[in-house]
Amino acid sequence: MGIVLHGGTIVTAADMYQADVRIEGERIVAIGYEIKQPGDQAIDVDGCFLFPGGIDPHTHFDLPMGTFSTSDDFFTGSKAALLGGTTTILDFATQFKRESLKEALGNWHAKAEGKCYVDYGFHMAITDWNQQISREITDLVQLEGVPSFKLYMAYKNTLQVDDGALLQALRRAGESGALVCVHCENGDVIEDLVHEAIAQGNTSPKYHPLTRPPEAEEEATVRVITLAQIANAPVYIVHLTNQGALQAVANAKLKGNEVYAETCPQYLLLDNSYYDLEGFNSAKYVISPPLRPIENQKTLWSGLRTGVLDVVATDHCAFNYKGQKELGLNDFSKIPNGAPGVETRMGLLYTYGVMAGKLSISEFVALTSTNAAKLFGLFPRKGTIAPGSDADLIVWDPRISSVITVDSLHQHVDYTPYEGFKQIGQATHVFLRGKLVVQNGQLVEDKPLGIYVSRKPFLKRKGEENV
Ligand code: URP
Ligand code: ZN
Ligand code: ZN
């Protein structure tokens, strides 16, 4: 007995067409007309789009930050993701000092197992590089289904690695069939600027962007692209924010380098005027890299359109304003960096991308699902609507409009950066591997049904798709 979604418009990264979709068990088994079999349940999705489930390859759930953790763990964060139309997340399992990668991975499995409403995988964030860690990389790729790693060029004395480690990790990952994701900001320069600001008594959140200038991001982006070229390895730039960094990626792509990049809704829709809010409210926007002057937004949208940017992820890293962001009341450098966004990504990109005429609907699907699936070893199991693919499907009703408020969301955090933003469309129904988990915008499956997805190694391009 299967389910037939009848009357909708299927959208993939390549096509948009009207047809029915038949689901049996966890998979899509047929697309076409008159495909209903005896005993099938038919669901009428007339007037709606069918999108492949969203894939958010940049979340931080249950991430420890000194004496506390992000306010969203896998349970709350993934529930919010699902309600927003995302059915797979890739979270950053983080190795802390002296841990092996295997230990760190075990810690993240324990955080997520049985608590995740969406399917999930892990990138492994390496913060303590040595030869033992280098040797573990191949095992993670081949045995653990982790073909992507993350290194930070910022957050000195905690997460940051030096250029030597970066070069070695890129080389090792490249040889092992893995893709390295990099946070590009010059951490040494930032550390100096922050010390200088605090010493001068400049302690309010408005100094956050002033101590993390776009040039520090551009410089690091150019540097890692160069290191990746020396290592003959692909590289993926996370949360790119500005014109200079975008130009560096565009130049590298033009040269044929295997460089990929993501941006996030916050950089497309918010700007540095949020650092001038009254009182301490700007702390809600203390994220790294920071929000940029508004003119960068136009460049980022065109980067999405022209393929310089490959993915729109969220960097969901939620901290409550009360009690967490407030830790930096007297010193902006003590404000935990990050903001929520996992629930609002699809709606915002649909509204301010597709509905505003900045993206085609197929580009929207590519940026929110397909490209991440291809880059991170999930395609064609996920990231598209095709026979044989997991039935991770979003029924998107474009006739519903709403206004985003913190109370309308399910993220476990006391604010949203998008308070008052209009949203067009809604994920009215969501299927996770064939199971209807969201119906009429409400969660109808109480249990978290998400499973760990072991991912395939990254195939170097050389003219081939990563399928
Ligand atoms: O401010 C941010 N982005 N916090 C999360 C960690 C990171 O840099 O991705
Ligand atoms: Zn980062
Ligand atoms: Zn992040």
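Of the numbered conditions (1) part of a loop (DSSP other than H, G, I, E, B); (2) open to solvent by 10 Å² or more (accessible area, probe 1.4 Å); (3) of a type in the set (D, E, K, R), GLU185 fails exactly one; give the number of that condition.
Just one mismatch for GLU185, condition (2).
Looking only at residues in the range 334-350 that are open to solvent by 10 Å² or more (accessible area, probe 1.4 Å) and away from ligand 2 (no atom under 16 Å from the Cβ), which one is farthest from the chain's Cα centre (by Cα)?
Per the criteria, the residue is LYS334.
Based on what the data block shows, is VAL259 of a type outside the set (Phe, Trp, Tyr) and under 24 Å from GLY174 (Cβ atoms)?
It is true that VAL259 is of a type outside the set (Phe, Trp, Tyr) and under 24 Å from GLY174 (Cβ atoms).
Identify the residue in the range 215-242 that is assigned to a helix (DSSP H, G or I), over 21 Å from the mean Cα position of the chain (by Cα) and not β-branched (Val, Ile, Thr) and, among all such residues, is surrounded by the most Cβ atoms within 10 Å (Cβ to Cβ).
Across the range 215-242, the extreme among qualifying residues is ALA228.
Regarding the range 135-144, can at least one residue be identified that is touching a helix residue (DSSP H, G or I) at 6+ places or on another chain (Cβ under 9 Å), farther than 16 Å from ASP62 by Cβ and in a loop (DSSP other than H, G, I, E, B)?
yes
Can PHE92 be described as open to solvent by less than 10 Å² (accessible area, probe 1.4 Å), assigned to a strand (DSSP E or B) and aromatic (Phe, Trp, Tyr)?
yes
Condition first: in a strand (DSSP E or B) and surrounded by 23 or more Cβ atoms within 10 Å (Cβ to Cβ). Can you find one or more residues in the range 34-43 that meet it?
no
Can you work out which of the residues in the range 422-437 that are of a type outside the set (Gly, Ala, Ser) and over 15 Å from LEU5 (Cα atoms) is surrounded by the fewest Cβ atoms within 10 Å (Cβ to Cβ)?
In this case the residue turns out to be LYS422.
Quick one: which of PHE61, PHE75, PHE51 is outside any strand (DSSP E or B), within 29 Å of PRO340 (Cβ to Cβ) and open to solvent by less than 10 Å² (accessible area, probe 1.4 Å)?
Exactly one residue qualifies, and that residue is PHE61.
Which residue pairs have Cβ atoms under 7 Å apart, sit 6 or more places apart or on different chains, and have a first residue in the range 315-330 that is more than 10 Å from ligand 1 (Cβ to nearest atom) and a second that is modelled with pLDDT under 95 and open to solvent by 40 Å² or more (accessible area, probe 1.4 Å)?
Matching pairs, first to second residue: none at all.
Please find, within the range 145-169, the residue that is farthest from ligand 2 (Cβ to nearest atom) out of those that are on the phi > 0 side of the Ramachandran plot and either part of a helix (DSSP H, G or I) or open to solvent by less than 70 Å² (accessible area, probe 1.4 Å) (or both).
Per the criteria, the residue is GLY145.
Is it the case that some residue within the range 221-232 is closer than 21 Å to ALA154 by Cα, in contact with a helix residue (DSSP H, G or I) (Cβ under 8 Å, 6 or more places away or on another chain) and within 16 Å of ligand 1 (Cβ to nearest atom)?
Yes, the conditions are met somewhere in the range 221-232.
Consider the range 123-153. How many of its residues are in contact with a Phe, Trp or Tyr (Cβ under 9 Å, 6 or more places away or on another chain) and touching a residue at least 60 places away in the same chain (Cβ under 8 Å)?
Going through the range 123-153 one residue at a time, the tally reaches 8.
Of the conditions (1) open to solvent by less than 10 Å² (accessible area, probe 1.4 Å); (2) in contact with a helix residue (DSSP H, G or I) (Cβ under 7 Å, 6 or more places away or on another chain), ALA13 clears all except one; give me its number.
ALA13 satisfies all of (1) open to solvent by less than 10 Å² (accessible area, probe 1.4 Å); (2) in contact with a helix residue (DSSP H, G or I) (Cβ under 7 Å, 6 or more places away or on another chain) except (1).
Go through the range 243-346 and tell me which helices (runs of 4 or more DSSP H), entirely inside it, have 3 or more residues that are more than 16 Å from ligand 3 (Cβ to nearest atom).
Where helices (runs of 4 or more DSSP H) fall fully within the range 243-346 and carry at least 3 residues being more than 16 Å from ligand 3 (Cβ to nearest atom), they are 243-254, 295-306.
The values are calculated or read from the model by the stated rules, or taken from the named source; none is laboratory data. Keep in mind the model is a prediction, meaning the values are calculated, not measured. Here the Cβ is made from the backbone with ideal geometry for all residues, glycine too, and neighbour counts use every protein chain on show. Calculation scope for accessible area: heavy atoms of the full protein, side chains included, ligands and nucleic acids excluded. Shrake-Rupley method; radii C 1.70, N 1.55, O 1.52, S 1.80 Å.
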